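Some notes on the structure that comes next.
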């Protein structure tokens with residue numbers, strides 16, 4: 001009887017389960033439509049946040065989807081979908097897919113990886129939405145041939161630079177508007193000083209080569225190339241065609257299928273230098289009895305090192321010496337070492353109280369660096385108060401979730417050591433809050449999440465505007481941090497049309513301020529709905545332009561050079577407080593026309 005009941009319920013569940021769908025298509029070479037065999041097809045479930053942006057209407061969610069404070073919980077999201085390969089005719093089929101939205105990408109040796117619907121490298125493609133049991137066919141992906149570059153690197157004596165690290169990097173922007181660099185290929189030179197980087201996605205790049213920054217041995221025996229008989233030299237780190245700063249580097253434009261030959265330059269063998277200085281405590285003006293020293297640096301692509309160097313501190317006079325340091329940009333950090341404390345770089349886990357420490361930036365070039373002063377300070381607490389213009393705090397929904405955040409604006413190297421200020425909750429009675437573990441430096445002030453329709457109107461610290469420029473904190477607090485938010489944000493509704501005057505569906509509309517473009521909180525993005533409509537809410541008063549690119553590299557609208565190229569294509573608009581404005585925007589074609 002139990003077996004019969006179990007079988008009955010299993011049959012019932014199978015009958016109630018929605019049918020599975022599939023995606024079928026072909027991968028070809030762009031321009032010739034030649035089928036590409038053995039291309040790897042990867043299908044991933046697209047989250048709502050990947051499909052829409054702030055202000056866009058939610059699409060129909062699959063059965064069982066739940067919206068939470070952190071986003072949608074989609075059935076099947078995160079479930080691995082086995083990759084498939086194209087056959088000899090370039091065709092593929094992915095089966096057993098639940099209803100929902102998916103992203104489909106293809107990769108093949110000798111070609112740039114590409115996503116379905118992707119018009120520009122670095123941009124997102126077009127999600128595919130499947131209904132229950134739908135068999136979607138004729139999905140076409142056209143792959144672009146990758147590029148190649150090679151060259152020879154010599155040392156200052158004209159000999160091959162053997163075993164030198166070579167890396168190709170490209171610039172981009174992250175969601176916060178910070179410029180970053182990603183590696184697009186890396187290798188090492190061979191015994192002839194030659195290198196080759198292959199299968200490069202077409203685009204604009206920088207090339208640099210040399211030895212890793214930091215304390216190194218003057219000569220490494222073995223490890224030059226693949227031979228145990230080599231003597232590995234240490235080389236200066238330079239950008240092509242042989243400059244120290246990436247701002248002076250030549251841009252390398254890699255075209256589809258092109259091979260760039262003879263990208264040659266010279267790397268001088270580098271000397272190693274010393275960094276000398278003193279450590280003092282700001283509170284006493286005296287040297288600490290014991291200090292843990294650290295030297296840190298980040299590479300252009302975000303990697304780097306941080307090493308503890310406790311033995312280099314002289315407690316008798318507070319001096320330190322760091323030896324065998326290669327040329328480069330560094331941060332020297334010091335932390336008071338308590339009795340019995342194990343020496344370690346002063347990196348603070350999130351949520352922990354920061355111990356007193358100090359840091360200073362150092363550039364090592366063609367000589368020893370003398371007279372560095374590292375001042376150890378303690379993190380301070382900054383009291384603050386948030387008010388709502390024209391209304392009581394109690395009228396604000398979600399006040400318990402609001403946080404006033406300080407984001408460090410110091411150098412990339414120093415940020416390795418500097419702890420992030422700890423934000424306390426806002427007191428619902430009087431709007432008071434506190435920022436703990438704040439060390440001297442520059443900070444951007446933001447309020448998140450702002451209620452719908454609100455905007456950040458005013459930030460003042462020490463009687464100084466800290467909204468349109470960074471907050472300068474010297475370590476002492478004379479007045480509280482005053483923050484004012486307003487419910488009088490403007491609303492901009494509008495539509496985007498293409499060159500045929502048709503509604504442009506699923507296009508990203510970007511609102512960019514005419515002034516204060518270093519304030520990324522003033523940038524707003526939203527995807528148009530099925531009728532080409534969009535809506536921006538909580539817009540601060542001011543002058544803006546609305547851009548609607550048919551295709552653009554993700555987050556590149558933070559790049560001032562990109563915006564300047566398209567400045568005349570933006571739709572100008574001015575809003576005052578509480579305005580409800582309308583704008584009709586023309587799409588900017590993918591070719592920039």
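Values computed for the structure shown
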| read-out | value |
| --- | --- |
| Of the criteria (1) outside any strand (DSSP E or B); (2) surrounded by 14 or more Cβ atoms within 10 Å (Cβ to Cβ), which one residue 292 fails | (1) |
| Wholly enclosed strands (runs of 3 or more DSSP E) of segment 360-479 bearing at least 2 residues at pLDDT below 85 and touching a helix residue (DSSP H, G or I) at 6+ places or on another chain (Cβ under 6 Å) | none |
| Test: residue in segment 308-319 that is over 28 Å from residue 381 (Cβ atoms), out of contact with any strand residue (DSSP E or B) (no Cβ under 7 Å at 6 or more places or on another chain), surrounded by fewer than 17 Cβ atoms within 10 Å (Cβ to Cβ) and at pLDDT below 85 | yes |
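Listed here are the residues, each with its yes/no results for (1) modelled with pLDDT under 95; (2) surrounded by 15 or more Cβ atoms within 10 Å (Cβ to Cβ).
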residue	(1), (2)
75	yes, yes
88	no, no
100	yes, yes
103	yes, yes
107	no, yes
110	no, no
114	yes, yes
121	yes, yes
133	yes, no
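The values are calculated or read from the model by the stated rules, or taken from the named source; none is laboratory data. Because the structure is predicted, anything quoted here is derived from the model rather than measured. Virtual Cβ from ideal backbone geometry, glycine too; neighbours counted across all protein chains shown.
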